[in-house]
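Just below is one structure, and these are the notes that go with it.
The values are calculated or read from the model by the stated rules, or taken from the named source; none is laboratory data. Worth saying up front: this structure is predicted, and the values here are computed from it rather than measured. Cβ sites come from the backbone with ideal geometry, for glycine too, and all protein chains shown count toward neighbours. SASA here: full protein model, heavy atoms, side chains in, ligands and nucleic acids out. Shrake-Rupley method; radii C 1.70, N 1.55, O 1.52, S 1.80 Å.
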Amino acid sequence: MRKMIRKILVIRFRRIGDSVLSTALCRSLKENFPEAEVHFVINEGIAPLYYGHPDIDRVIPFAEKDCHGWRYLKRVWHVVHDTHYDVIVDMRSTPKTLWFSLFSLGTKYRIGRRKGYNALIHNCRVSDQPGDDRVQSNLRLIEPLSAAKGGEMVKNGQFRLSVTPDEVAAYRRYMEEHGIDFARPVILCAVTARVPHKVWPYDKMSRVLKRVVERFDAQLVFNYAGDVETAAARTIWEAMGRDKRVFLDIEAKGLRELCALAANSSFFFGNEGGPRHISQAFGVPSFAIYPPDISKHFWLPGDDPRYRGISPDDYLPLAQQAGMDYEARFALIPEEDVWMQLCAMLETYLC
């Protein structure tokens, strides 16, 4: 029965975090149908993350100019008509992504999330279940393929990324040239973020990081991009007394180098986001701070002690936060609790 499935198209698009977590679905597809090719539709800006990925045979990047109007429809048409797909997995299931299935109604398995508008286009619709995290929600999308497999689908919730040993070694040399001593711990720190209001206050971050370097003699590599984030990183560094164990000049020029940086790190700490997902994809222990409205349960899948976080929801149920302003909700996270939980993890994984 497995020979029925030869080509699988997975439609993801969007940002780093979503796409990294979706590799668990690709991995599960390859484990259930090892002879099948998995093709992955993604935005061009994050496509480099998936070149050479062990669970993705072909990356189909969409440039920004290809994502609008007739140009988008033409590109979608060519994707599904240049290759005959046995399965389309529309992870987003938005009106925009429905065109992949609409242009390929001959595909036997057109799988999407259950929405009010896709009943005539997705012939296999899957509903999320209460309590699902993002990976569990994604893996439900492979359940309709149990008939093609001839048995229950194996679900592997472990997401992963891949860079070559040469890339890791080259970046390690670069880090050494900039003063990193790999005989001591290296912590990748996301001290800021693309969206400023989702960032834990800089004064609290600087105080916790100062305690980290003093307690563990760790080397902190700040990850940031753009003028606003650069200014924020410098603010935190200056608040730490311009500690020489903080490295501002180690730059990841692109996502492949960010992966190599993560692979060369001992630990990740900072604001929740793409760099944390990348770190976890390389098996790097991590502790993240989750801002209001970003569910720790949903975005920190599984229950692995190597990957932890802290959230306002840990201190007050979401329903009881109604009426509180954003800053007050963020302030529910005690600075001392961040330090205590982080310190416990660092003692486990660095000492």
Test: residue 151 is closer than 30 Å to residue 32 by Cα and free of Cβ contacts under 8 Å to residues at least 12 places away in the same chain:
yes
Checking residue 273 against (1) touching a helix residue (DSSP H, G or I) at 6+ places or on another chain (Cβ under 6 Å); (2) buried (at least 21 other Cβ atoms within 10 Å of the Cβ), only one condition comes out false. Which one?
(1)
Condition met for residue 251 (surrounded by 15 or more Cβ atoms within 10 Å (Cβ to Cβ) and touching a residue at least 24 places away in the same chain (Cβ under 8 Å)):
no
Pick from segment 61-94, criterion in a loop (DSSP other than H, G, I, E, B) and under 13 Å from residue 13 (Cα atoms), ranking: most open to solvent (accessible area, probe 1.4 Å)
92
Only one of these is polar (S, T, N, Q), under 20 Å from residue 143 (Cβ atoms) and out of contact with any Asp or Glu (no Cβ under 9 Å at 6 or more places or on another chain): 104, 93. Name it.
93
Of all the helices (runs of 4 or more DSSP H) wholly in segment 291-351, which have at least 2 residues that are aliphatic (A, V, I, L, M) and surrounded by fewer than 18 Cβ atoms within 10 Å (Cβ to Cβ)?
335-349
Would you confirm whether any residue within segment 45-60 is farther than 25 Å from residue 282 by Cα, open to solvent by less than 10 Å² (accessible area, probe 1.4 Å) and either in contact with a helix residue (DSSP H, G or I) (Cβ under 6 Å, 6 or more places away or on another chain) or not in a helix (DSSP H, G or I) (or both)?
no
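A quick yes/no check of all residues on (1) over 23 Å from the mean Cα position of the chain (by Cα); (2) in contact (Cβ under 8 Å) with a residue 24 or more places away in the chain:
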position	(1), (2)
10	no, yes
14	no, yes
35	yes, yes
41	no, yes
46	no, yes
49	no, yes
53	no, yes
75	yes, no
86	yes, yes
When segment 18-33 is checked residue by residue, the ones that are open to solvent by 10 Å² or more (accessible area, probe 1.4 Å) and either free of Cβ contacts under 8 Å to residues at least 40 places away in the same chain or not charged (D, E, K, R) (or both) are 30
Yes or no: segment 249-270 includes at least one residue that is over 30 Å from residue 24 (Cβ atoms) and among the charged types (D, E, K, R).
yes
Quick one: which of 212, 228 is in contact (Cβ under 8 Å) with a residue 24 or more places away in the chain and open to solvent by less than 10 Å² (accessible area, probe 1.4 Å)?
212
Candidates 234, 194, 207, 173, filtered to the one that is in contact (Cβ under 8 Å) with a residue 40 or more places away in the chain, outside any loop (DSSP other than H, G, I, E, B) and not hydroxyl-bearing (Ser, Thr, Tyr)
207
Could you list, in sequence order, the residues of segment 102-139 that are basic (Lys, Arg), surrounded by 20 or more Cβ atoms within 10 Å (Cβ to Cβ) and within 21 Å of residue 157 (Cβ to Cβ)?
134
If I ask for residues that are free of Cβ contacts under 8 Å to residues at least 40 places away in the same chain and under 22 Å from the mean Cα position of the chain (by Cα), which ones from segment 315-351 would you list?
none
